[in-house]
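Notes follow once the structure below has been shown.
Just so it is clear, none of the values below were taken in a lab; they were calculated from the coordinates. Quantities reported herein were computed from a predicted structural model and do not represent experimental measurements. For neighbour counting, all protein chains shown are included, and Cβ atoms are generated from backbone atoms with ideal geometry for every residue, glycine included.
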Amino acid sequence: ASMACEFILLLFIFSTLHVNQLTEGCSCALTHPQDAFCNSDIVIRAKVVGKKLLRDGPFGTMRYTVKQMKMYKGFEKVQHVQHIYTDASESLCGVKFDINKYQYLITGRVYDGKVYTGLCNLNERWERLSLAQKKGINHRYQLGCNCRIKPCHYLPCFVTSKNECLWTDMLSHFGYPGYQSRHYACIQQKEGYCSWYRGMTTRDKTTINATDP
């Protein structure tokens, strides 16, 4: 009898632990947009035109229907994205998209031919991205996927190999997203060395701003 009681107690402890994890919500590590690009299977710009709640699992899955404007990455995995899947619960990192409102940059992973995304992926309204981020998504980030962006949380920080760029946005007290996230890409230079690349000056802004990548 005591064995059964212990077993029930253990079940109770595990179930309460699980519930606590769910109610705590989704937590993600900060990621530079270049890492988000390089670690994704799919990167597209799309308008979200519909949604449907699929009753699978305890919380369900939300299936968003998208109108793809442009694919930046993932041609070899999916020819054209029509649906994006995410958890229906925000506490399980599900993403909420507005319908028929904005163009979004959407990044995700592919499983069994389906595109999945979550709060820990990079999903942002296109107009909120900086010009450098748009250029990065278009071609620059791809040039740095062999580089390593090394987060620096406390000083002193050091690079330990030639392919590292030191990411210091977390040291700034002005909030995230920081300067390097919005304006820089970590690009491989000669002989495998990586360094931050800005690639435009402020006086270029007026002329470049007219062209949407």
Please express the Cα-Cα pair-distance distribution P(r) of segment 100-149 as a list of whole percents, one per 5 Å bin, running from 0 to the bin with the greatest distance. 5, 17, 19, 25, 22, 10, 2, 1
Arrange the peptides 54-67, 32-45 so that the one whose residues have, on average, the most other Cβ atoms within 10 Å appears first. 32-45, 54-67
For segment 22-65 and segment 87-108, what is the separation of their C-alpha centers, rounded to whole Å? 6 Å
How large is log10 of I(q)/I(0) for segment 111-182 at q = 0.13, 0.14, 0.18 Å⁻¹ when the intensity is taken from the Debye formula with one equal scatterer per alpha-carbon? -0.53, -0.61, -0.95
In segment 27-101, how does Rg compare with the Kirkwood Rh, expressed as the Rg/Rh ratio over alpha carbon atoms? 0.98
Ordering 152-161, 91-100 by per-residue average of other C-beta atoms within 10 angstrom, highest first, gives 91-100, 152-161
